[in-house]
Amino acid sequence: MKNDSFRKDHLLFGGLAAAMILCTVWFFPFTSKESMLVLVAFDFLFVSLIFPLRGPLSGKLLMLSLGNVVGWFWNCALMLLNSAIADGFEGSFGLIHLFLNPFLNLVWIVPFWGFSLSALAGAEKRRMEPSSC
């Protein structure tokens, strides 16, 4: 029984990993290099710090996928905002953008990180509770 669950988790892991790689390659021409670097850094930190924790693998993969989607939309919105503001500053916005971009990306990374930790802790707590049947 446990081996069957293990195989399903790894099948889900492989499918989602392949989908994330394909989406990254497919969306690369439409996004900036900064956005891709932020998503790669997020993925590396998420996998190295969240995956060793207790909790279902499927939940971790779902959170990682959701984090990539949220990060992609955030970076698209940030890129549109930057281009609108840069038109008003006429060229002097580059240095401000270079300084503020990491901090603006922390606006979505830190809350999503906290949400992921609480979701995994809730899933682990539900798994540990005895069933009422």
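Every residue in region 51-98 that is charged (D, E, K, R) and under 22 Å from the mean Cα position of the chain (by Cα), please.
Step one: filter region 51-98 for residues charged (D, E, K, R), giving 54, 60, 87, 90.
Across region 51-98, the qualifying residues are Arg54, Lys60.
Per the listing Phe93, Phe28, the residue uniquely surrounded by 11 or more Cβ atoms within 10 Å (Cβ to Cβ) and either in contact with an Asp or Glu (Cβ under 6 Å, 6 or more places away or on another chain) or at pLDDT 70 or above (or both) is Phe93.
Being of a type outside the set (Lys, Arg), part of a loop (DSSP other than H, G, I, E, B) and modelled with pLDDT under 85 narrows it down to one of Leu39, Leu53, Leu45, so name that one. Before the answer, list the steps.
Details: Leu39 fails: part of a loop (DSSP other than H, G, I, E, B); Leu45 fails: part of a loop (DSSP other than H, G, I, E, B).
Just one listed residue meets the conditions, Leu53.
Identify, from the list Ser5, Ser65, the residue that is in a helix (DSSP H, G or I) and modelled with pLDDT under 75.
Within the list Ser5, Ser65, the selection yields Ser5.
Which of the following residues is within 12 Å of Ser35 (Cα to Cα), part of a helix (DSSP H, G or I) and not polar (S, T, N, Q): Leu106, Leu95, Leu117, Leu78? Going through Leu106, Leu95, Leu117, Leu78 in turn, the sole match is Leu78.
In region 47-68, the residues that are without any contact (Cβ under 8 Å) to a residue 12 or more places away in the chain and more than 21 Å from Asn105 (Cβ to Cβ) form Cβ pairs under 6 Å with partners that are in a helix (DSSP H, G or I) and not hydrophobic (A, V, I, L, M, F, W, C), at six or more places apart or across chains, as follows: Phe51/Lys60.
So which of Ala77, Ala17 ends up being surrounded by 11 or more Cβ atoms within 10 Å (Cβ to Cβ) and either of a type in the set (Val, Ile, Thr) or modelled with pLDDT of 80 or more (or both)?
Numbers: Ala17 fails: either of a type in the set (Val, Ile, Thr) or modelled with pLDDT of 80 or more (or both).
From the options Ala77, Ala17, the qualifying one is Ala77.
In region 95-110, the residues that are among the polar types (S, T, N, Q) reach residues that are part of a helix (DSSP H, G or I) with C-beta atoms within less than 7 angstrom, at least six apart or across chains, in these pairs: Asn101/Glu34; Asn105/Val38.
The values are calculated or read from the model by the stated rules, or taken from the named source; none is laboratory data. The shown structure was predicted, so the numbers you read here are calculated from the model rather than taken from an experiment. Because the Cβ atoms are built from the backbone with ideal geometry, glycine has one as well, and the counts that use them run over all protein chains shown.
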